[in-house]
Amino acid sequence: MAFSILYWSNYTAGTAKLMRKSETAVQSEHVLKFVYDRDAQFIRGIVQASMRDRSYQVTITLGSNYTVEQSTCECVNGMDKCHHKASILLYGYKNLSKTDVRQSWIKHPKSAPPRQTKTMEDLFPAPDRFINYR
Ligand SMILES: [Zn+2]
């Protein structure tokens with residue numbers, strides 16, 4: 001089960017600036033941390049600000065029909081829509097989809113993985129350069 005692009009496209013719908021800025025942020029690897037709790041439909045992430053000395057914590061609770069039910073961000077626009085939240089959604093689409101594909105390739109069909117919540121953090125611990133980002 002992949003993370004749908006619809007979360008991002010619904011969130012940024014009609015707002016070209018949000019789309020563009022979040023695409024740039026993901027391409028520039030500004031998403032420093034991303035943890036997805038699939039059961040709770042909850043995402044927590046850290047996005048680097050455009051100015052390099054800051055990063056913002058973002059939380060997103062996904063709703064039904066590929067919507068964002070609740071979200072917070074530490075930036076000045078954090079109560080409203082901001083491109084940090086959009087970046088997290090786009091990052092989820094790009095990376096969780098890939099992860100799911102990769103997992104299905106690696107795992108032997110007969111050794112099904114235990115049914116427990118794995119976050120991106122568990123699967124891919126962030127390298128030091130992400131944690132101590134300068
Ligand atoms: Zn923000």
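On a full-extension model of 0.36 nm per residue, what is the gain between R20 and E74, subtracting their alpha-carbon distance, rounded to one decimal in nm? List each step's numbers first, then the result.
Numbers: separation 54, 0.36 × 54 = 19.44 nm, distance 2.02 nm.
Value of the extension gain: 17.4 nm.
With the simple model of a label 7 Å out from the Cα in the direction of the Cβ, S28 to R54 spans 1.4 nm. Suppose R0 equals 22 Å. What FRET efficiency, 1/(1 + (r/R0)^6) with r the Cβ-Cβ distance, do N10 and D37 give to the nearest 0.05? E(calc), rounded to 0.05, equals 0.65.
Within the shell of other residues whose beta carbon sits under 13 angstrom from the beta carbon of S71, the net charge comes to 0, with Lys and Arg scored +1 and Asp and Glu -1.
We did not get these values from a lab; they are worked out from the coordinates using the rules stated. Worth saying up front: this structure is predicted, and the values here are computed from it rather than measured. So basically every Cβ, Gly included, is an ideal-geometry build from the backbone, and we count neighbours across all protein chains shown.
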